[in-house]
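As structure tokens, the structure follows; a few thoughts come after it.
The values are calculated or read from the model by the stated rules, or taken from the named source; none is laboratory data. These figures come from a predicted structure and were not determined experimentally. In this analysis, Cβ positions are derived from the backbone assuming ideal geometry, glycine residues included, and neighbour counts consider all displayed protein chains.
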Amino acid sequence: MKICDLTYAYSRGGGITTYINNKKTVYKKRGIEHLIISPRKDGGQEVTLTQDGSTRVYLVPGRKLKLDKVDNFFYHSFKSLEDILAKEKPDILEIGDSFTAAFYGKRLRRLSKSYGAKIFFFSHERLDNFYQQIFPRGIQKLFGLFATWFLGRKIIAIADAIIANSEFTAEEPRQKTKKPVLVLPLGIDLSGFSTAKDQNLCNQLSNNGKKKIIIHVGRLERDKKIDLLFDIAQSLDHDKYQLVVLGDGLWQKKFSQLPGVTVTGFLPPATVRRYLVLADLGILVNDIEPYGLVGLEMMAAGLPVLGPNQGGLPTFLRPEFAWLLPHQKQAYLEALKKWETMSEGQKQQLSQAALTEVKKYTLEKMVDQLLNIYQTYG
């Protein structure tokens, strides 16, 4: 079986990139032939090819586009994709973003049919929620409703089956199609969290142990409903807590101006783990998060979590180690007070419960389930 991942979002970084790279790790171990086709970010007009074990990564000419004031890099034209796919002839084509499905879907469908490939669309986010956040009111809201309808229609038209990362994400396509909509809980590489603490960094952030470190990881954008985190940050006791915010976006400058807050900007995965393993508590606020790999990463670092009671995060966040909260500042602050009053022994129990639960979400289990979906519906 030859599998191809096709999404402009691979060049962006974040959860989709992590998901594809995680698959690549297991495919490499198992010798599964794998292709990744991603836009270049450097303006180059040549197609480059890199071999990494059983994975071939094609970088094709890209076009820079701004989405919600953030730079993204889209495929410059269909020609480079067509040439690669016609040569490689993958058995499975997994499309991971709605724009590729919308603009190139018909031609991808025609090309894949010519050599017997199946198309799976992976729904990494709910279109309705995304566009409600980006275009919240007035004429903009009408545009968001149209974009949701238009892109959803295009996705359903070209996919043989749809894969969603949670039941929450799957609700949207299930309302619109009778085609198979399968849920694949994502996994992470647990071995990356065995790193010892960077004591110098820990001392720097905690003021030599005088403050507890609360950590948030993710893009600082409107679709992540990050305004709640900002409100919470303003209300924290900065003598007790240091909020460490790993991520970039529209809200980065605002966070950097707050006392008791450290903002790092975007960091590569290995550096994110370096921060996670020295934190005391994780915080996540987006109650429309489609899944939230960072929640699993917090669990793998043994962190109790303050998180939302809706969206995709409750897929794996459990009361044994997490507070599942409404999207309200006061609810988060009250949960923080409860955590603060716990004994070290009780906090250790939370940590152990998180470590136990996250073992259910390994890369190997994720890939086993994904391959079963491909074989059953491909």
Segment 304-345, subset in contact with a helix residue (DSSP H, G or I) (Cβ under 8 Å, 6 or more places away or on another chain) and among the basic types (Lys, Arg), residue farthest from Leu186 (Cα to Cα): Lys329
Among the residues listed as Tyr19, Tyr75, Tyr10, the single one being in contact with a Pro (Cβ under 6 Å, 6 or more places away or on another chain) and either at positive phi or buried (at least 21 other Cβ atoms within 10 Å of the Cβ) (or both): Tyr75
Residues that are crowded, with 20+ Cβ neighbours inside 10 Å and farther than 22 Å from Lys118 by Cα, drawn from segment 173-195: Gly187, Ile188
Enumeration of residues in segment 23-56 that are under 18 Å from Phe122 (Cβ atoms) and not aromatic (Phe, Trp, Tyr): Lys23, Lys24, Thr25, Val26, Ile32, His34, Leu35, Ile36, Ile37, Ser38, Pro39, Thr55
Of residues in segment 135-144 being surrounded by fewer than 17 Cβ atoms within 10 Å (Cβ to Cβ) and in contact with a helix residue (DSSP H, G or I) (Cβ under 9 Å, 6 or more places away or on another chain), the one nearest to Ile226 (Cα to Cα): Pro136
In segment 344-378, the residues that are within 24 Å of Pro180 (Cβ to Cβ), of a type in the set (Ser, Thr, Tyr) and part of a helix (DSSP H, G or I): Tyr374, Thr376, Tyr377
Residues of segment 196-228 satisfying the condition of being surrounded by fewer than 14 Cβ atoms within 10 Å (Cβ to Cβ) and assigned to a loop (DSSP other than H, G, I, E, B): Ala196, Lys197, Asn207, Asn208, Gly209, Lys210
Filter pass, Ala147 being part of a helix (DSSP H, G or I), modelled with pLDDT of 95 or more and either surrounded by 14 or more Cβ atoms within 10 Å (Cβ to Cβ) or more than 20 Å from the chain's Cα centre (by Cα) (or both): no
Elements of type helices (runs of 4 or more DSSP H) contained in segment 237-341, each with 1 or more residues being acidic (Asp, Glu) and surrounded by fewer than 20 Cβ atoms within 10 Å (Cβ to Cβ): 329-341
Single residue of Gly282, Gly265, Gly307, Gly312 found to be under 30 Å from Arg30 (Cα atoms) and in contact (Cβ under 8 Å) with a residue 12 or more places away in the chain: Gly312
Segment 185-210 residues that are within 13 Å of Ala300 (Cα to Cα), paired with ones that are basic (Lys, Arg) (beta carbon under 8 Å, 6 or more apart): Gly187/Lys365; Leu190/Lys359; Gly192/Arg273; Phe193/Arg273; Thr195/Arg273; Thr195/Arg274
Check on Leu258, touching a Pro at 6+ places or on another chain (Cβ under 6 Å), outside the structural domain of Asn72 (by TED's automatic domain parsing) and among the aliphatic types (A, V, I, L, M): no
Elements of type helices (runs of 4 or more DSSP H) in segment 5-121, at least 3 residues being more than 21 Å from Glu364 (Cα to Cα) and of a type in the set (Lys, Arg): 98-114
Cβ-Cβ under 9 Å pairs, at least 6 apart or on other chains, segment 93-113 side assigned by TED's automatic domain parsing to the domain that holds Ile155 and within 21 Å of Tyr19 (Cβ to Cβ), far side surrounded by fewer than 20 Cβ atoms within 10 Å (Cβ to Cβ) and of a type in the set (Lys, Arg): Leu93/Lys118; Ala102/Arg153
Residue satisfying all of: in segment 40-63; under 21 Å from the mean Cα position of the chain (by Cα) and basic (Lys, Arg); modelled with the lowest pLDDT among these: Lys41
Residues (out of contact with any Leu (no Cβ under 8 Å at 6 or more places or on another chain), at pLDDT 95 or above and either surrounded by fewer than 21 Cβ atoms within 10 Å (Cβ to Cβ) or among the basic types (Lys, Arg) (or both)) located in segment 82-105: Asp83, Lys87, Lys89, Asp91
